[in-house]
Amino acid sequence: MKIIIDTHVFLWAICDPDKIDKRHRAELETAANIIYVSAVSMVELMIKSSIGKLNVDFDPVAIAEQSGFELLDFSAQDALPLKDMPFHHKDPFDRMLIAQSMNRGIPMMTTDGKFQLYDCKVI
């Protein structure tokens with residue numbers, strides 16, 4: 001199965017895996033699954049680091065690759081669902097991840113309950 005992980009899941013996976021529940025951890029550790037970290041998450045990490053909301057003192061791209069995650073570019077097609085999405089969630093990064101999930105038909109792994117309000121599959 002293909003899975004896009006939310007930014008916080010990525011951070012937990014590389015910094016504090018005990019925060020990930022057993023069900024999610026099992027999916028992350030299943031060798032047959034392809035786990036994606038979106039370029040949107042990289043943008044979120046870099047912007048939050050630049051404004052002092054998050055300390056990113058590592059190369060998240062290198063860490064993602066070393067951890068066995070695949071990087072997923074955000075395309076113009078991925079942006080199209082944003083036009084008609086309701087505003088259950090105001091966070092632009094989360095909205096972009098949801099749109100990417102919807103466009104590509106790849107489920108999202110997140111603990112954010114608001115993702116379930118959209119037309120994307122949530123794990």
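The values are calculated or read from the model by the stated rules, or taken from the named source; none is laboratory data. Computed from a predicted model, the values in this text were never measured in an experiment. Here the Cβ is made from the backbone with ideal geometry for all residues, glycine too, and neighbour counts use every protein chain on show.
Odds and ends about this structure:
- Top-ranked residue of segment 11-28 - restricted to ones that are surrounded by fewer than 12 Cβ atoms within 10 Å (Cβ to Cβ) and charged (D, E, K, R), ranked as nearest to Asp57 (Cα to Cα): Asp16
- Listed conditions (1) of a type outside the set (Phe, Trp, Tyr); (2) at negative phi; (3) exposed (fewer than 13 other Cβ atoms within 10 Å of the Cβ); (4) more than 16 Å from the chain's Cα centre (by Cα) are all met by Ser49, apart from (3).
- Identification of helices (runs of 4 or more DSSP H) wholly contained in segment 37-123 with 3 or more residues that are in contact with a strand residue (DSSP E or B) (Cβ under 9 Å, 6 or more places away or on another chain), acidic (Asp, Glu) and touching a residue at least 24 places away in the same chain (Cβ under 8 Å) yields no element.
- Of all positions in segment 21-32, none carries a residue that is of a type in the set (Asp, Glu), modelled with pLDDT of 95 or more and touching a Ser or Thr at 6+ places or on another chain (Cβ under 7 Å).
- Check on Ile63, among the β-branched types (Val, Ile, Thr), in contact with a Lys or Arg (Cβ under 9 Å, 6 or more places away or on another chain) and within 20 Å of Ala13 (Cβ to Cβ): no
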